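Asker: Next up is a structure, given as structure tokens.
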Amino acid sequence: MMNRSEVAVKPVGEQKLKGIAEPVRLYRVPQRMGQRLMAVGADVAPAAEDVLPYGGMHLVECTDTRPAWVGTLRERLQDATVEADPRRLRLAALALLLVLSVALDVWYFTGSGDNETQPGAMTAAVPPPPDPQIARNRAASRIARQAHAQLAGGHPGEAAAAYARAIELNPLLAADARTAADLVGCLGFGTESATPLIRKYFNPVLRDELSRRTSQPGALGRQRAIELLTDVGQPRAIDRTGALLEDLKDAETCNARREVVKKLRAQRDPRALPALKATLQGGLGGWIANLCLRADAEAAVREIEQPRGARAKNRTAG
């Protein structure tokens, strides 16, 4: 941006403009006005109309910085193009493209001409062979779904055999939650096909399923789960109190229930209190049915409800 003192003007005079009460002094900016640098003491001569502002000092000299041979080559090519036959030019262009294509093919298939230093040049574009385990895993999943449907349909033997084939294809299926639950569920049926499978592929998921099975209804499956956990060295995973409570429900005679009550008394687990108290109730019929175990049940309830410190004191005094 320029100020008033930097702009060359010529006075026009005072003019009265519309809407302004006082006369206004006007100036005209000439279309061209030369600005020259003068030496001290030099004569001031009238400047030509086409003199550049500031003496042309603001212009930068434009020079061609390219090497001389570039211009010479360009001129020769232009002359050759004008004089040459267009058909020969097309043939030359096609020949050049063919040479470039062959060179690229040789470079690609030979690994830039150095196969010994680039052993992967020939095989880089070849996809790796498919992993056979992927196909086995898919087949194992399909067989496992069939086994689950067979177990739901009441065919535990066929389900266990199908699970054996599936786990043989993909051993990781043995740690699947649904597979583990189905295998442990087969223990409650007459077939023993699931027992060797559980023992062979025992894992933490199967251990947890067996632990839950030890306190669930069904004496056969419960007993097999207890035996399996004992065989694989996991006796602490057995829910002893839960198993005894289910045994108490399954016992048909008073003497059988009395043996279970004695074991519950030895466990001293507060979870057994509701079942033990139930044996002492039931009216006259219940009193007669459980007459042989009443003394043991009352002692068990008393010892379980007794505070831990008093229980230890009584054992020491005894």
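Coordinate-derived values only; no laboratory data. No experiment lies behind these values; they were computed from the predicted model shown. Quick reminder, even Gly has a Cβ in these numbers, built from the backbone with ideal geometry, and neighbours come from all protein chains shown.
Asker: Just want the ordering: Glu209, Glu192, from fewest to most Cβ atoms lying within 10 Å of their own Cβ.
Answerer: Result, fewest neighbours first: Glu192, Glu209.
Asker: Name the lysines eligible as straight-distance cross-link partners of Lys263: C-alpha to C-alpha under 20 Å, and not fewer than 8 places from it in the same chain.
Answerer: In chain and number order, the partners are Lys249, Lys277.
Asker: Sticking with this one: Which order do peptides 8-16, 239-247 fall in by mean Cβ count within 10 Å, highest first?
Answerer: Ranked by mean Cβ neighbours within 10 Å, highest first: 239-247, 8-16.
Asker: Ordered by packing density, taken as the mean number of other Cβ atoms within 10 Å over each peptide's residues, highest first, how do 258-268, 88-98 rank?
Answerer: In descending order of packing, they fall as 258-268, 88-98.
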